[in-house]
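Here the structure is laid out as structure tokens; the discussion comes afterwards.
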Amino acid sequence: MAREQIVLLGAPGSGKGTQASHLVKEFGYNHLSTGDLLRSEIAKGTELGQKVQGIIDAGNLVDDMTVLELLKANCDLENKVYIFDGFPRNGEQAKLLEEHVLKGAATKAIYFDMDLEHLIERITNRRVAPKSGEIYNLLTRPPKIEGKCDVSGEDLVHRKDDNEETVRNRMNVFRDTIGPVLDFYESQGQLVRLDASRPSDEVTKSLKEVISA
Ligand code: AP5
Ligand code: MG
């Protein structure tokens, strides 16, 4: 059973969503992906969704307070244990998460470390199932029936921000903003680094060891 809150850190395509789904099944975590929350607002056509669509499509970051408010509205830390995926993304967000959400709760921050160049291929071959949350890859985890989710049968989607030009911008944004986040968790003694370039099942094995330690 899950005990500590988990913060998953890593570049676009490093496997945060993929690994989170394993932890949800095995340890009973709740998965909170700010990217998924924002995309759901866009799909519903809300005012917030309309405000953020262009920013996400270009691969830039939505402003800190907007994402914090969305996170808080979907979070019940008193009763649940979470995997925070995609938040924090800069030093300010790391402080905001601690001050407004975690408030001293036992936390592990796990950084999926890998060479950014290898990620372009992973991301451009990704296909996702919005309803079931399953994540596929045309090269490493293809669906059994082309274009359909194995679990729900729904049509698979190619994320609009998963084209090469936007992915390169997302990588640059990541490179420019991750340093202070790692410094923040390192200074609190909460940071664990994992080699995320290995096959998915090997990453899962290491992750489970870290969480059970
Ligand atoms: P978000 O949805 O968080 O995107 P991201 O951080 O760019 O991360 P991804 O979802 O692309 O990658 P992932 O690490 O989850 O990889 P996955 O497991 O899918 O954010 C999107 C946008 O929303 C941002 O650009 C920003 O605009 C906005 N936003 C979100 N949060 C924000 C915040 N806090 N502040 C401001 N703005 C915010 O895997 C990728 C692919 O690789 C899949 O095909 C998978 O099958 C495959 N794969 C996974 N692991 C492996 C492996 N070990 N080996 C081989 N293939 C693998
Ligand atoms: Mg993701």
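Laboratory data are not the source of any read-out in this text; all were calculated from the coordinates shown. If you're wondering where the values come from, they're calculated on a predicted model, not measured in any experiment. Cβ: placed from backbone, ideal geometry, glycine included. Neighbour counts: every protein chain shown.
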>> Restricting to segment 1-43, name every residue that is more than 16 Å from ligand 2 (Cβ to nearest atom), part of a helix (DSSP H, G or I) and among the hydrophobic types (A, V, I, L, M, F, W, C).
In response: Phe27
> Can you name every residue in segment 158-189 that is surrounded by fewer than 17 Cβ atoms within 10 Å (Cβ to Cβ) and not in a helix (DSSP H, G or I)?
Replying inline: His158, Asn163, Gln188, Gly189
>> Here's a check for you: in segment 17-57, which residue that is among the acidic types (Asp, Glu) and more than 10 Å from ligand 1 (Cβ to nearest atom) is nearest to Asn79 (Cα to Cα)?
In response: Glu26
> Leu207 versus (1) within 16 Å of ligand 2 (Cβ to nearest atom); (2) out of contact with any Leu (no Cβ under 7 Å at 6 or more places or on another chain): which is the lone unmet condition?
Replying inline: (2)
> Could you count how many residues in segment 21-49 are touching a residue at least 60 places away in the same chain (Cβ under 8 Å) and out of contact with any Gly (no Cβ under 9 Å at 6 or more places or on another chain)?
Replying inline: 4
> Restricting attention to segment 105-117, does a residue exist that is farther than 19 Å from Gly35 by Cβ, buried (at least 17 other Cβ atoms within 10 Å of the Cβ) and away from ligand 1 (no atom under 14 Å from the Cβ)?
Replying inline: yes
>> Here's a check for you: in segment 44-97, which residue that is closer than 22 Å to Gly13 by Cβ, buried (at least 16 other Cβ atoms within 10 Å of the Cβ) and of a type in the set (Gly, Ala, Ser) is nearest to ligand 2 (Cβ to nearest atom)?
In response: Gly86
